[in-house]
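Data first, discussion second: the structure below is written as structure tokens.
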Amino acid sequence: MKRREVIRNLSILPVAGAVFGSSLPIESFSAATPAEKAPKRDFFKELGVTPVINAGATMTYLSGSLMMPEVLDAINSTAHDFANMYELQDKAGAKIAELLKCEAAMVTSGAAAALVLGTAACLTGSDREKIEQLPSLPGPQREVIIQKSHRYVFDQAVRSTGIKFTEVEGPDEMEKAINPNTVMALFFNGALSWFGVPDSITHEDFVRIAKKHNIPTFIDAAADVPPVENLFRFQKTGFDLITFSGGKMIRGPQSAGLLFGRKDLIEAAKLNNSPHECPIGRPMKVNKEEIFGMYAAVKSYIERDHQKEWQDWLDRIKHIAARLEKIPTLKSETVINPGPANALPGMIVKWDQSKVKITPKEVVKALLEGTPSIVAGDRGDALGIGVVLLRPEQVDIVAGRIKGILEKAVV
Ligand SMILES: *Cc1c(COP(=O)(O)O)cnc(C)c1O
């Protein structure tokens, strides 16, 4: 635009303001700007998507968790400028590593992507040719050691790099299984929570045996905060790579996660990731805003008053229990999941189904199909209610809805 045109265009503004201003109703001259007055655009409504109250746990299908205000701030305030993604990943990673007291860190598009990238790092190191060849490295198929009871749905992320698993039970089998094709050893920290089967190799033995043979170890602890100490625990044990989800209780972006640990492996994982154009991780891009957001989430999570947060969760359970107290035969109980995965307080509610004629399953259905829609858990003979993902004002809404449904069923 030429200077003269700029001046001309600028000169239109006051005139246009005066024209529109004169036709506006009187109240528009009040303190509120038109933007504030306009009804907020409701995207849920616009697309016909049902907003859901999550009285369950962090579940991917239910959009994980709600981002902390600090995370939303980070996303909004960084959206208006470009950044060099290599620089951002390096600098955000360095800060996160400092927070986590480990050598190096990076933001991935979730824990599942971290499993891919961490394994890729162990397969390729910084060898560009190998990075391009994945998942079809020439030569014998590489192997990853895993305990038999640790095989799980997310191990496909590890297999997608072209490796095959060698399943072992106990330290002796692990030691014997290590061979020249072994590239990594994977530990699924939540296996006990998921399957109820104790680990056949302790964390310490696992790390010790692998180190003796120079095999990098990787631990998946995706859902394993709280306690916050877990964010620091596994690097102390000596694991080389560690992953946590961003979109679970850390309350960062759902499509973000952490991979951290040994510096050379994190550097190799970065080489296997976007914005490099050819590696296996190119489709696992995390945008600039989410990288800033994940950094903000980690910082906020570490700085949070965890005792207060825990007490608040217990108080929520107490509040719901008090509102349900008068329902005949009803018994509610606070249950603390011992972890390692999802170690959170929750609530179990039971009643005599001959006196209150409705099954927990039917209550779950009624909660889901009512307005607002509420997701709760059906535990067979009991109703499971999670409180940690409720917004404060939703606690009473959940209590009221359950109360209403049960009261109607009293015979
Ligand atoms: C949730 C979860 C993942 C996947 O995490 P995302 O961040 O959703 O990619 C991997 N492993 C375990 C044990 C999990 O619980």
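No lab work stands behind these numbers, since they all come straight from the coordinates. Keep in mind it's a predicted model, so treat the numbers as computed, not measured. Ideal geometry is used to build each Cβ from the backbone, glycine not excepted, and the neighbour counts take in all protein chains shown.
Things worth noting here:
- Based on Cα contacts under 8 Å between residues 6+ apart, the chain shows a relative contact order of 21 percent.
- Close amide-amide hydrogen proximity is noted between residue 166 and 144, 145, 146, each under 5 Å apart and 5 or more residues distant or on a separate chain (H modeled in the peptide plane; Pro and chain starts excluded).
- Residue by residue, segment 174-188 carries 3J(HN,Hα) couplings of 4, 4, 5, 6, 5, 9, x, 8, 6, 10, 6, 10, 10, 10, 9 Hz when phi is fed to the Karplus relation 6.51 cos²θ - 1.76 cosθ + 1.60 (θ = phi - 60°); x denotes Gly or Pro.
- Rounded to the nearest 20 debye, the dipole size of segment 306-408 about its Cα centre is 240 debye, using +1 on the Cβ of Lys and Arg and -1 on the Cβ of Asp and Glu.
- In percent, rounded to a whole number, the relative contact order of segment 82-303 is 30, using alpha-carbon pairs under 8 Å and six or more apart.
- Amide hydrogen proximity for residue 378: with H placed 1.01 Å from N in the peptide plane, the residues at 5 or more positions away or on another chain lying under 5 Å are 384.
- Phi angles across segment 194-208 convert, under the Karplus curve 6.51 cos²θ - 1.76 cosθ + 1.60 with θ = phi - 60°, into 3J(HN,Hα) values of 6, 10, x, 9, x, 4, 8, 10, 6, 3, 5, 4, 4, 5, 4 Hz, Gly and Pro given as x.
- Anisotropy class of the chain from Cα gyration tensor, a/c 1.5 cut: oblate
- Note on segment 129-158 and segment 331-372: Cα centroid distance 40 Å, given to the nearest whole angstrom.
- Distance in nm between pseudo-label sites at residue 236 and residue 126 (7 Å out along the Cβ direction from Cα): 3.2 nm
- Spin-label zone in segment 247-283 - amide nitrogen under 20 Å from a point set 7 Å from the Cα of residue 90 along the C-beta vector: 259-279, 282
- Whole-Hz ³J(HN,Hα) from phi, Karplus 6.51 cos²θ - 1.76 cosθ + 1.60, for segment 303-313, glycine and proline x: 7, 4, 7, 5, 5, 5, 4, 5, 4, 4, 5
- Three-way shape call for segment 82-303 based on the alpha-carbon gyration tensor, with the a/c threshold at 1.5: oblate
- Put simply, when 197-203, 180-186 are sorted by average Cβ atoms within 10 angstrom per residue, most first, you get 180-186, 197-203.
- In the elastic network of the chain, a GNM with C-alpha springs shorter than 10 Å, the most mobile of 139, 64, 56 is 139.
- Between residue 151 and residue 329, the FRET efficiency from the beta-carbon distance, with R0 = 41 Å, is close to 0.45.
- Bridge orientation summary for the chain: considering DSSP beta bridges with both residues in this region, about 55 percent are antiparallel.
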